[in-house]
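The values are calculated or read from the model by the stated rules, or taken from the named source; none is laboratory data. Remember, predicted model here, so these are calculated numbers, not experimental data. For neighbour counting, all protein chains shown are included, and Cβ atoms are generated from backbone atoms with ideal geometry for every residue, glycine included.
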Amino acid sequence: MTTWLGIAKELAQLIFFVAGTASAIGAWLTYRANSQLESARWTVRMYEKFYEQADLKRTREALDCEANDENVQSLVADESSRLTDYLNFLNCWRFCTNLSR
């Protein structure tokens, strides 16, 4: 009778080990999927801010020209908060992108 109890104990340990391993693999797969989903959401939010948010869009359009253009000169000379916000946004984007690598 003790041999059956020993076999049952070992079988139970094996089942729990397999279940634990399967749970760990499932948790890792879920984490990866959620990380990719959150990365995609973050990318969409950054795209929306950079290309669709009105104040960043105006600043980007002003900077999308020759380096010596008077729009660029006036942005730099005025030291406007628009330019500062734009540069801070780009710095934040770069920092967050480096974190994800």
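Among the candidates Ala62, Ala67, the residue that is modelled with pLDDT under 75, touching an Asp or Glu at 6+ places or on another chain (Cβ under 9 Å), within 22 Å of Tyr86 (Cα to Cα) and assigned by TED's automatic domain parsing to the domain that holds Trp93 is uniquely Ala62. Checking each residue in the stretch 45-59 for being under 23 Å from the mean Cα position of the chain (by Cα), part of a helix (DSSP H, G or I) and surrounded by 10 or more Cβ atoms within 10 Å (Cβ to Cβ) picks out Arg45, Met46, Tyr47, Glu48, Lys49, Phe50, Tyr51, Leu56, Lys57. Name the residues in the stretch 1-26 that are loosely packed, with under 10 Cβ neighbours inside 10 Å, of a type in the set (A, V, I, L, M, F, W, C) and either touching a residue at least 60 places away in the same chain (Cβ under 8 Å) or assigned to a helix (DSSP H, G or I) (or both), would you? Once the filter is applied, which keeps residues that are loosely packed, with under 10 Cβ neighbours inside 10 Å, of a type in the set (A, V, I, L, M, F, W, C) and either touching a residue at least 60 places away in the same chain (Cβ under 8 Å) or assigned to a helix (DSSP H, G or I) (or both), the stretch 1-26 yields Trp4, Leu5.
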